[in-house]
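All remarks here apply to the structure that follows.
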Amino acid sequence: MTKKKKIKTLILISVSLLFLILAYSFVNSYYTKQAREFELTELPDIPLHDLNGNNFDIVQLEGLKILVFMDPDCVYCKNQIKEFKKLKRQLSDLTMVGISEQPLERLKDYVDTEPFFNNPKNFMTHDYTSKMDDHFWIGTTPHLLIYNENNRLIKQNKGFINADKLIAILEKVK
């Protein structure tokens, strides 16, 4: 075998291996993402903390629930809260839980300025370990997880969604 053929063979083998590694990585990432999204079909029992540092169990909430992963400084999250206010006027039996991994003091300041999260049916929690965010690949804010009274996932929405669409989703469940 000539030197030129050896180089061509080596390049062909290298390119083939690179292609196989990329294909494996893509397939593995896809199935991992599918598995994590499947875990969300039931409300995950992951401990969170209220803004006073007390443990909080989401699974114990009753009725329809919307979990919104958010950042108080996010423009889209602020607009989502405006839509939630419209939604609450029509569906008062809904519980909304804001989840953020932002520093606790920032969240407390936000709740002081945003009265929406100052009531028993709408409140903010602190994901101090980023477990929800990291484990379920919550990569964008706002990110909504909507669960029925049996803690089963109705809808997952990545990004902003208006009140009319939320109402249409929730009315199908009622």
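The values are calculated or read from the model by the stated rules, or taken from the named source; none is laboratory data. Note that the coordinates shown come from a computational prediction; the quantities given were computed from them, not determined experimentally. Neighbour counts run over all protein chains shown; Cβ positions are idealised from the backbone, glycine included. Side chains included, ligands, DNA and RNA excluded: accessible areas come from the protein's heavy atoms. Shrake-Rupley method; radii C 1.70, N 1.55, O 1.52, S 1.80 Å.
The table for this structure:
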{"item": "Conditions (1) of a type in the set (D, E, K, R); (2) closer than 14 Å to Leu51 by Cα; (3) touching a strand residue (DSSP E or B) at 6+ places or on another chain (Cβ under 8 Å); number of the one not met by Arg106", "result": "(3)"}
{"item": "Failed condition for Asp127, given (1) modelled with pLDDT of 90 or more; (2) over 26 Å from Ala168 (Cβ atoms); (3) open to solvent by less than 30 Å² (accessible area, probe 1.4 Å); (4) charged (D, E, K, R)", "result": "(1)"}
{"item": "Among residues of the range 76-109, those that are touching a helix residue (DSSP H, G or I) at 6+ places or on another chain (Cβ under 8 Å) and aromatic (Phe, Trp, Tyr), counted", "result": "1"}
{"item": "Verdict on Asp73 being modelled with pLDDT of 85 or more, more than 20 Å from Arg152 (Cα to Cα) and of a type in the set (Asp, Glu)", "result": "yes"}
{"item": "One residue from Leu48, Leu61 being touching a residue at least 12 places away in the same chain (Cβ under 8 Å) and touching an Asp or Glu at 6+ places or on another chain (Cβ under 8 Å)", "result": "Leu48"}
{"item": "Subset of the range 133-174 (residues that are of a type in the set (S, T, N, Q) and within 16 Å of Met96 (Cβ to Cβ))", "result": "Thr141, Asn148, Asn151, Gln156, Asn157, Asn162"}
{"item": "Single match in Phe69, Phe26 (criterion: open to solvent by less than 70 Å² (accessible area, probe 1.4 Å) and not small (Gly, Ala, Ser))", "result": "Phe69"}
{"item": "Condition met for Leu51 (in contact with a helix residue (DSSP H, G or I) (Cβ under 8 Å, 6 or more places away or on another chain) and more than 24 Å from Ile154 (Cβ to Cβ))", "result": "yes"}
{"item": "Residue list for the range 88-132, restricted to those being in contact with a Leu (Cβ under 7 Å, 6 or more places away or on another chain) and among the hydroxyl-bearing types (Ser, Thr, Tyr)", "result": "Thr95, Ser100, Thr125"}
{"item": "Selected residue (only one of Leu94, Leu61 is modelled with pLDDT under 90, open to solvent by less than 20 Å² (accessible area, probe 1.4 Å) and not basic (Lys, Arg))", "result": "Leu94"}
{"item": "Qualifying residues in the range 38-48 (those that are over 15 Å from Met96 (Cα atoms) and not acidic (Asp, Glu)) - the one modelled with the lowest pLDDT", "result": "Phe38"}
{"item": "Single match in Gln102, Gln80, Gln34 (criterion: at pLDDT below 80 and under 23 Å from Gly139 (Cα atoms))", "result": "Gln34"}
